[in-house]
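Below is one structure, written out as structure tokens; comments come after it.
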Amino acid sequence: MGFIIETKDLRKTYNKRHVVDGLALQVPEGAIYGFVGPNGAGKTTTMRMLTTLTRPTSGEAWVNGYAVSKDSRGVRQSIGYMPDQFGVYEDMRVWEYLDFFASCYDIPEAQRKPLVGDLLQLVDLMHRRDDMVDQLSAGLKQRLSLARTLAHDPKILILDEPAAALDPTARIEIRELLVELANMGKTIFFSTHILADVQEICTHIGIIENGKMIAQGSMAEMQAQLQPHSSLVIVTRTAPEREQLKEWLHSIPQVTQVQDLPVTAGRASLKCAFTGDSEAVIALRRKLFTVETFTIIDVIEEKQDIETLFMRVTKGIVS
Ligand SMILES: Nc1ncnc2c1ncn2[C@@H]1O[C@H](COP(=O)(O)OP(=O)(O)OP(=O)(O)O)[C@@H](O)[C@H]1O
Ligand SMILES: [Mg+2]
């Protein structure tokens, strides 16, 4: 499969330290790709190489088919980049800010007026078009910054922590905007520390640590790769029934672990690790309900969230 962003053995060295260390990144076209990693992992440095703002020490990156080391013009036309910090723009109104960046992309004046209107509409800032940029709240600045990346209608958006420092409402708004942009056919590659956002909107995820990719793939692949077995909580009525259930479970080869959970009123539950696939889980569930020596109240398959996966594959540093 061709990837719209791809890197091979990408490396950036500062003071003899490999801050990006042989990175292989693969972003399929149309993906919403979450690039996750602890502070200092190399996310911003990777993005700066992808956007041609800094040169790789070695290796190569291709963006929309253009090599960053050979065709920076092609790369720049294909991407919209939102850095992790909003610059200082005193004395500029919201509409002027967008108009200015559109002019940087050589968009003729006659086209800029309707374009700025469209962009303001898209990020829901029309009512603030005449306000000074520096007076906007962090959330609105972030939306304006996103609008700016869209001025030349790029295929790919590279966004460095678009939801950082935003309150929950502003975060959800940015999240919704990213989904809307993906629905418009854009590929979105963004870095984040907010794992809930990844879980909610991403189709793909890459986890970077110490400059190296330690896990990457579609959300479904990642779940499967990092969660080789399922975890089932089985609820019975009484502790003696649970003992019988335990004995029964131990006779099943795919059950690798059984652990008691605290007894609560009318409930005696346990948790077991099961290595069978989803078909086998269904078969096990069916069997459980037909054994006559104990009564099963419920069988719950526990899903692991991205946070758990992240903690398992990194050394546990989440900021
Ligand atoms: N210009 C530079 N000169 C020297 N070291 C640098 C430079 N830029 C980045 N680094 C170092 O490279 C490492 C990776 O930094 P980078 O900003 O890419 O991490 P990050 O994953 O974006 O972190 P964060 O989550 O904090 O934004 C850090 O240790 C940083 O100090
Ligand atoms: Mg960064």
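Every read-out reported here was derived from the displayed coordinates using simple, explicitly stated rules and does not represent laboratory data. Remember, it's a predicted structure, so these values are computed and weren't measured experimentally. Virtual Cβ from ideal backbone geometry, glycine too; neighbours counted across all protein chains shown.
The figures follow:
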read-out: Segment 164-231 - convex hull of the alpha-carbon atoms, volume per residue in Å³; value: 120
read-out: Residues of segment 201-224 with amide N under 18 Å of the 7 Å Cα→Cβ point at Glu176; value: 201-202
read-out: With Cα atoms, 0 to 90° folded angle of helix 278-290 axis to the chain main axis; value: 30
read-out: The chain: calculated mean residue ellipticity at 222 nm from DSSP helix runs of at least 4, using -39500 (n - 2.57); value: -11000 deg cm²/dmol
read-out: Simple label model, 7 Å out from Cα along Cβ direction - Val291 to Gln259, nm; value: 2.0
read-out: Cα centroid separation, segment 212-262 to segment 97-167 (Å); value: 48
read-out: Sequence-distant residues sharing a close amide H with Gly22 (under 5 Å, placed H); value: Leu10, Arg11, Lys12
read-out: Nearby aspartates and glutamates by direct alpha-carbon distance to Lys212 (threshold 14 angstrom, same-chain neighbours under 8 apart not counted); value: Asp9, Asp21
read-out: Subset of Lys12/Lys113; Lys16/Lys141; Lys12/Lys141; Lys70/Lys186 violating a 32 Å alpha-carbon distance limit; value: Lys12/Lys113; Lys16/Lys141
read-out: Size descriptor, Kirkwood hydrodynamic radius, that averages inverse alpha-carbon separations across segment 148-277, Å; value: 18.5
read-out: Given charges at beta-carbon only (K, R positive; D, E negative), |dipole| of the chain in Debye; value: 800
read-out: Rg and Dmax of segment 84-188, Cα atoms only, in Å; value: 13.0, 38
read-out: Sequence-distant residues sharing a close amide H with Glu29 (under 5 Å, placed H); value: Ile4
read-out: Cross-link reach list, lysines versus Lys287, counting only Cα pairs under 25 Å and skipping chain neighbours closer than eight places; value: Lys246, Lys271, Lys303
read-out: Rg to Rh quotient for segment 5-225, alpha carbon positions, Kirkwood Rh; value: 0.97
read-out: 3J(HN,Hα) from dihedral phi, segment 66-74, Karplus parametrisation 6.51/-1.76/1.60, rounded to Hz, x for glycine, proline; value: 8, 7, 5, 7, 10, 9, 5, 5, x
read-out: Karplus 3J(HN,Hα) series, Hz, for segment 256-262 with 6.51 cos²θ - 1.76 cosθ + 1.60 (x for Gly, Pro); value: 9, 8, 9, 9, 5, 10, x
read-out: Surface/4 estimate of mean projected area, convex hull on alpha-carbon atoms of segment 228-303, nm²; value: 4.6
read-out: Directionally averaged shadow of segment 93-147, computed from the convex hull of its alpha-carbon atoms, nm²; value: 3.3
read-out: The chain: angle of helix 138-149 to the longest principal axis, Cα-based, in degrees nearest 10; value: 70
read-out: Cα-based Rg of segment 1-123 normalised by 2.2 N^0.38 Å, two decimals; value: 1.23
